[in-house]
Amino acid sequence: MKYIFLFISILLTTTYSYSQIELTKDPEAKKILDAVSKKIESYNSLRIKFDYLIENKQNNFKQTHKGYAFLQGEKYKIIIPTIEIFSDGNNVWTYSKESNEITITKVVNDEESIYNPAKLFNLYKNGYKYLLIGEEKIENIKYSVIDLFPENLSESLYSKIRIKIKKATNEIFVIETYGKSGLNNYLTIKENKPNIKVTEQMFNFDKTKYPDDIEIIDMRF
């Protein structure tokens, strides 16, 4: 399950040499990231269809998922075949179908926001430096490639995050995380559906919708 918690974690190793570069907050990268953030904030809600690959370099482990994420402000719900993660902005519920248990935790505002897809598009604003690497063309579509680096590397799980942004629409296409422990995550957004209808119930735990014998693990205390 630890891999699922790293969902919206995301990015890949590059052969580009940063040793000769003084890392800073690149104004050109910021301009692009600000445009992405502004676009997301203009939506009342958003549904994301995604493909997700987890890769552990230490033991050659690979696991792939297809799923959906629903966002509305600080609220979110992630659905993949065996896991649901949802939050009302204050609490986070993680439901495992395989173990028939649900874990409840509090939202931690100063935690690395890669854990929270509701904050994913503003990740760069706190605790990261960033650099516009260049442009990449995928199936004749142009993408801006931006690398994010944690300002405090010793306290971060990640040595780098790479984001590929569609130039024509300011939409994120790929997010990849490169973990210091060898755990890499690759998220590809297949579809964005803004301003869809969502309900408050989607982001809250209703015990009646789960098996009677579900185990509830409340870690908020």
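The numbers here are math on the coordinates, done by the rules we state, and not lab data. Computed from a predicted model, the values in this text were never measured in an experiment. Cβ: placed from backbone, ideal geometry, glycine included. Neighbour counts: every protein chain shown.
Any chance you could give the angle, 0 to 90 degrees and rounded to 10, that helix 27-41 forms with the longest Cα principal axis of the chain? Around 30 degrees separate the two axes. Ellipticity at 222 nm from helices only: DSSP H runs of n ≥ 4 in the chain, each -39500 (n - 2.57), divided by the residue count, give -2500 deg cm²/dmol.
What dipole magnitude, in Debye to the nearest 20, does the chain give about its Cα centre under +1 on Lys/Arg Cβ and -1 on Asp/Glu Cβ?
Working: 32 positive and 30 negative charges, 146 e Å.
About 700 debye.
Ordered by the number of other Cβ atoms lying within 10 Å of each residue's own Cβ, fewest first, ASP88, ASP147 fall into the sequence ASP88, ASP147.
The distance from the alpha carbon centre of the range 128-176 to that of the range 67-127 is 21 Å, rounded to a whole number. Other residues with beta-carbon under 9 Å from the beta-carbon of ASP51 carry, at +1 per Lys or Arg and -1 per Asp or Glu, a net charge of +3. Loop-located GluC sites (Glu not before Pro) across the range 121-157 with a Cβ neighbour count of 15 or fewer within 10 Å are GLU139, GLU151, with loop assigned by DSSP.
Look at the dipole of the range 2-196 built from charges on Cβ: of SER42, ILE138, ILE80, the Cα furthest out on the positive end belongs to ILE138. A cut-off under 13 angstrom between Cβ atoms defines the neighbours of TYR68, and their net charge, with Lys, Arg +1 and Asp, Glu -1, is +3. As a rough footprinting exposure proxy, the listed residues ILE146, ILE196 were ranked by other beta carbons within 10 Å of their own, and the order from fewest upward is ILE196, ILE146. Summarising the label geometry, the points placed 7 Å from Cα in the beta-carbon direction at ILE214 and THR199 lie 1.5 nm from one another. For PHE173, the residues whose amide H sits under 5 Å from its own are LYS164, ILE165, LYS166, ignoring neighbours fewer than 5 places away on the same chain, with H placed 1.01 Å from N.
Were the residues from THR82 through TYR68 laid out at 0.36 nm apart, the gain over their Cα-Cα distance would be 3.8 nm. Considering the chain at the alpha-carbon level, its Rg and Dmax are found to be 17.6, 59 Å.
Computed from the C-beta positions of GLU98 and ILE141, the FRET efficiency with R₀ = 35 Å rounds to 0.40. Only the Cβ atoms of Lys and Arg (+1) and of Asp and Glu (-1) were treated as charged; on that basis the dipole of the range 98-221 about its Cα centre amounts to roughly 740 debye. Neighbour counts of C-beta atoms inside 10 Å place VAL174, VAL107 in the sequence VAL107, VAL174, starting with the fewest.
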